[in-house]
Structures are given as structure tokens and as C-alpha cells.
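As C-alpha cells, the structure follows; a few thoughts come after it.
What follows is calculated from the coordinates using simple rules that are stated; it is not laboratory data. Since the model is a prediction, treat every value here as computed from it, not as a measurement.
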Amino acid sequence: MSEALASMGPRIDPRTSWVGYLFASGAALAIGITLLNPSASQDLSFIERLVFWFAHAALAIVILETVQILLGRFRVAAKLPPLLLVVAGGVIGALIFATLSLLVLERLLQLPASNLGGDAATLAEFFSEFRSSGGQVILFWVLLNAPRLLMLSPQQTARPEQPEQPEQDRSGPPGPAGADTEKVNPDLVELLARIPVTLGRDIVALSAELHYLRVYTTKGNTLILMSFSRAVSAVRIIPGMVVHRSHWVALKHVDSLEGQGSGVMCKLVTGLTVPVSRTNRAALRAAMTERGIKDAERSARDLAVGTAAPTDERRVV
């Protein structure tokens, strides 16, 4: 029993698994409300109450998470401090939840008409629903995000005037003369501002954890509040590619591709491994092959002038 609980721990720990944490929190909330048996479900049997509150908890979490992800894609909203951004997501999510709960969920579960206030939902009923559930939904969302908000770096709200640029692959030809190097991608500025200085700027990989983002560098990793799509756009100056719907890797840090059952894993030089989706495997293999050719050409040039170059041991399966 203790071993099962120990193995389950990391799967519901908000520090390591946001999805598992959401599932566990939603289930705990639904069971707790069912046992408390509030007036909204007193006319239902225990099983009906359980289904009723599980449906409400699941709907609330799906709505809140979707709203938070979409909010993160807007640069204006993303400029808010993390706590205010989560509160904003909670307010919008609570409005949508109240609407769907009144118009769809309660009728779908066939609650007694006395709980619905009639056959047709009115504006007054909507405000009554939002008044009764809105505050709880917003508070629930803020408390749910609290463990990860506390984990975010103090640099989350920093905005350096001239951020240090991440290391780029300089093996290719130089840019055109007179190229404008002064223009800085604002998404890149924001991304770099949120990475602790101690982790450096040599980005290895990006991994989406729903509306959070895990940034890996050669010196470690950090959690930030930023959408995956905006982060990928920010690092487009670094030769890399999205290898999975939730993972981006810098090509220069790819060590090998390894088969794992029916899947393929991308192993990075730091030891991190990320899954490679079926649709991206050929493109990643081609990119690694092209990089191997460039490394070989560079090694040949170095040998021609008497400079030893390290051997590239990247492997492709």
C-alpha cells in the first residue's frame, strides 16, 4: 500500500505533473462536495450527487484551463503579473462555467425543475448562478495554481532593457551585411526575462505543461507562465524544431534518437529525453543528418588548418 502511494505521489505532485494534479484535485473536490451534500443536490441519491459534482468539477477545470491557455497567447494579457493573469482566467472561466452549468449541465443531468427556476433560463437566473458559484470557482482556480505560482522565479515580472541573447548555432553562413540586429522579438525578451540568470541562456528544450512552460537550459530548468506557441515563436532564431505537440528542442543539443517500444525518444546532451511524434520523426532525422554533414565539413576545414575538432557522436535510429 505504501509503495503504491509512493509511486502515485509524483503523478499528482504539482511540481512534476500538472495534469495529474488537476485530476486529483478535481476528484477530491467532487467527493468532498458530495459528502457535504449542499442544497443544490439534496434531492439526489448519493450516486447521482457524485456524478453531478464530478461533472461540475470536470467542466470547471476544463473551462478554466482552456481559458488560461488562450489568455497566455495574447501578449497584452501575458504582461500581467502571474497572479493577476490567473485571477483573470478565473473570472472569465467562472462566467463561462455559470453559463454552461445553467444552460447545459443541470438540464442534461435532469435536476428537478425547482432547482432550475423554470423551463427557460433567464438573465436573472444567470446572475443568480454566477453569484452562487462565481466566487468559489475563482477562489478554487487561484488556490489550485498557488503551488506553481509560488514556484515561479522572482524574475517573472522583470523586463530587462537589453536582454542577453540565447546562444545560437553559428556553424551556418553569416547573415547579410548590414542586417538589422537591433530588432528584438518581444516574446524573446519576455522569455529571457523569466529565466533565472543562474540557468544561463543556452536553451536546450521547451516543454508545455498546459498553461505553464518548462524551460530547460544546459544548467537546469525552470517553470514559467507562458504559452508554448509564444515560446516557440520567441526562440525561432535558434535552430530547432517542435518534435511533439508539447516539446521543442534545440538541434545542436540533440544527442540521439532512440526507439522505445513503438515510439521514438529524443535524447538531449543534458540527459533529458522527450517523445517524438510520428509526424515529426522524418523531419528530425533529416535535420540531424544535415547537421552531421555540416559538422563533418567543419571538422574537415579545422583539420586542414591543423585544428582538432571534437567528433560528433549523435546517433539516429
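Computed extension length for Arg15-Leu70: 17.6 nm, one decimal, from 0.36 nm per residue of separation with the Cα-Cα distance subtracted. Round to a whole angstrom and tell me the spacing of the C-alpha centers of segment 228-280 and segment 47-101. Taking the Cα centre of each part, segment 228-280 and segment 47-101 sit 29 Å apart.
Derived scalar couplings between HN and Hα for segment 46-60 equal 4, 5, 5, 5, 4, 4, 4, 7, 5, 4, 5, 5, 5, 4, 4 Hz in order, rounded to whole Hz, by the Karplus curve 6.51 cos²θ - 1.76 cosθ + 1.60 (θ = phi - 60°), x for Gly and Pro.
In a fully extended conformation the segment linking Ala88 and Thr289 would gain 67.8 nm over its present Cα-Cα distance, using 0.36 nm per residue. For segment 1-92, the square roots of the Cα gyration tensor eigenvalues, ordered a ≥ b ≥ c, give a/c of at least 1.5 with a/b no greater than b/c, which places it in the oblate category.
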